[in-house]
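Chemist: Quick one: the structure is below, questions incoming.
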Amino acid sequence: MRWIGDRESENIEDRRGSGMPMAVGGIGGIGAIIVIVVGLFLGIDPSTLMALLNGDQLPQQQADTRSAAPGGSGSGGGYAPSGGYGTSRPPEAAQPDTTRHFVAVVVADTEDVWKQVFGGSGKTYVEPKLVLYTGRIASACGLASTASGPFYCPNDQKVYLDLSFFEEMKTRFHAPGEFAEAYVIAHEIGHHVQNSLGILQAADREKARGDRRGANAISVKVELQADCLAGVWAHNADRTKHIIEQGDVEAAMNAASAVGDDRLQQQSRGVVIPDAFTHGSSAQRVHWFRRGLDSGDTRQCNTFAANEP
């Protein structure tokens, strides 16, 4: 991916080293085994339970997809690409500054694209902030940790990212590459676009009216739309700045596939439960990212109108 020397966003809050340290020794031995067994029995990612019992708290919207509409007082937030990738490992002690510069360039590219798209419809794009942190951090959507994965909080209009997740992409998800990392950032910015257009608020109202199965189905549509919007960003950024190099698209597709609900469930539970999907299957995530990438048109991202997203 071509990015070196490009404009960097000023909307980066670097809080690395100033957050709360992650608890790494609170539960171990027999207790850890019990947590893992209980988590698998209940269909909950054991690493998420470990994080919670060690003193972490997931963003409320991520923990309960039927919470109050984002943006309201005391309501939940948090829209992560995989619904919580889950990791109980401590973050790396330091991240190279080049990664911080890379993130700032990607955010700047999203600002340029979405300003143009919104302006074409007579709207004003309000830029979100991206917060870099390590370990744990307090957001307007609750206390978050590395185990939460990257997420967007509509309550404060900020994306939260622990850069150790990029290493997780390489080692756990086998999805390396800068363009794959850019896809993750663009997906979270896509949630900000949805929030700016009132889509997240409408989706949460619909979730509150139905049961868990219906809420999950709505969550899938929200997440797949964010994938499509990430593709729209990539299309337009490449059209104006030629950022995509050979192998980049394949890297992003691999990342989208790696965080599909079916693949994550198979890895963690050994069984796939479609009714429990909250982000979509690997095939769905690849399809919608590709749809946005090929068209560069937000009108092609209406997952809510699709019979089968």
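None of the figures in this text is laboratory data; all of them are computed from the coordinates on show. This is a predicted model, so every value here is computed, not measured. Don't worry about glycine lacking a Cβ; one is built from the backbone with ideal geometry, like all the others, and counts go over all protein chains shown.
Chemist: Got a sec? How would 4, 185, 244 order by Cβ neighbour count within 10 Å, fewest to most?
Modeler: Fewest-to-most ranking of 4, 185, 244: 4, 244, 185.
Chemist: Here are some pairs, 115/241; 115/158; 129/221; which of them have Cα atoms lying more than 22 Å apart in this structure? Could the numbers behind the result be given before it?
Modeler: Working: 115/241 15 Å; 115/158 17 Å; 129/221 24 Å.
Those over the limit are 129/221.
Chemist: Please work out whether the stretch 170-239 counts as rounded, prolate or oblate from its C-alpha gyration tensor, where a ≥ b ≥ c are the square roots of the eigenvalues and a/c under 1.5 means rounded, while otherwise a/b larger than b/c means prolate and anything else oblate?
Modeler: oblate
Chemist: Using θ = phi - 60° and the Karplus form 6.51 cos²θ - 1.76 cosθ + 1.60, what ³J(HN,Hα) does each residue of the stretch 186-195 get, whole Hz, x for Gly and Pro?
Modeler: The phi angles translate into 5, 4, 5, 5, x, 5, 5, 4, 4, 5 Hz.
Chemist: Please work out the Cα convex hull volume for the stretch 88-243 and give it in Å³ per residue. Walk me through the numbers before you get to the answer.
Modeler: Working: hull volume 19.4 nm³, N = 156.
Hull volume normalised by residue count: 124 Å³.
Chemist: Along the principal axes of its C-alpha atoms, what lengths does the stretch 182-309 span, in descending order and rounded to whole Å?
Modeler: 45, 36, 23
Chemist: Can you sort 191, 287 by how many other beta carbons sit within 10 Å, fewest first?
Modeler: 287, 191
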